[in-house]
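Okay, so here's the structure we're looking at.
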Amino acid sequence: MTSALRPDVTAATPAYTAANNIVNSFTGSIDASTWPVGNHTLTIRGTTKTGATYTVGIITVVIANPAASTSYLNTMDFPFSTPPTGNQTVTGTIMCTYGSTAPINAQGWSVHGLGVTRYDWNLDNGSWGALTGALRPDVTAATPAYNGANNLVNSFTGSINPSTWPIGTHSLVIRGTTKTGSTYTVGIITINIIN
């Protein structure tokens, strides 16, 4: 920190001229490149001629991980199993017999640098329906880089009945919604209905 006696400050503060300030201004910079992600407090203080100190200002510095704000990690546990995939949509294909009343179950987890609030899915570009979201401790433990995002949920489950679907290929899309309201695709399950 560099201190100086600025004439414009002296002229603007005549009531303090009698105190014979040695300095009345400061400037400086600090290298925050090694500071960890999170909130930090930078306090600026002044020292009087008698050696007493006082607080001039307090600056809160937030170190954010820019990659984390756009990064996410997805995996599916069921109906197919995939390893965690970073910044990519998880995909897989299953087959189902026409008229089957056996439900198609989806289960997996996903975390996002902006924090996740919910998961939804849709079939063949239809309307979105909510999946059941939960905060699994094992996922939290396995994804420490995303814990600062305070994901409200990090896993999902859902079940859908395909008994009325026509023969052919169908697409079941799973998306996550972040705390900022943005959405991202977690997974796409391709379902082939056969006779």
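If you go through region 166-183 and pick out every residue that is surrounded by fewer than 19 Cβ atoms within 10 Å (Cβ to Cβ) and either within 19 Å of V111 (Cβ to Cβ) or among the β-branched types (V, I, T) (or both), you end up with 8.
Restricting attention to region 100-117, the residues that are more than 13 Å from the chain's Cα centre (by Cα) and more than 15 Å from I160 (Cβ to Cβ) add up to 1.
Being under 15 Å from the mean Cα position of the chain (by Cα), assigned by TED's automatic domain parsing to the domain that holds N74 and surrounded by 20 or more Cβ atoms within 10 Å (Cβ to Cβ) is a property that does not hold for N150. Across region 48-71, the qualifying residues are those that are surrounded by 12 or more Cβ atoms within 10 Å (Cβ to Cβ) and either touching a Ser or Thr at 6+ places or on another chain (Cβ under 6 Å) or part of a helix (DSSP H, G or I) (or both), and the one among them that is modelled with the highest pLDDT is T70. State all residues of region 118-141 that are under 15 Å from the mean Cα position of the chain (by Cα) and of a type in the set (F, W, Y); if no residue qualifies, say none. Selection gives Y119 alone.
The values are calculated or read from the model by the stated rules, or taken from the named source; none is laboratory data. Keep in mind that this is a model prediction, so the values were computed, not measured. Cβ atoms come from the backbone with ideal geometry, glycine included; neighbour counts cover every protein chain shown.
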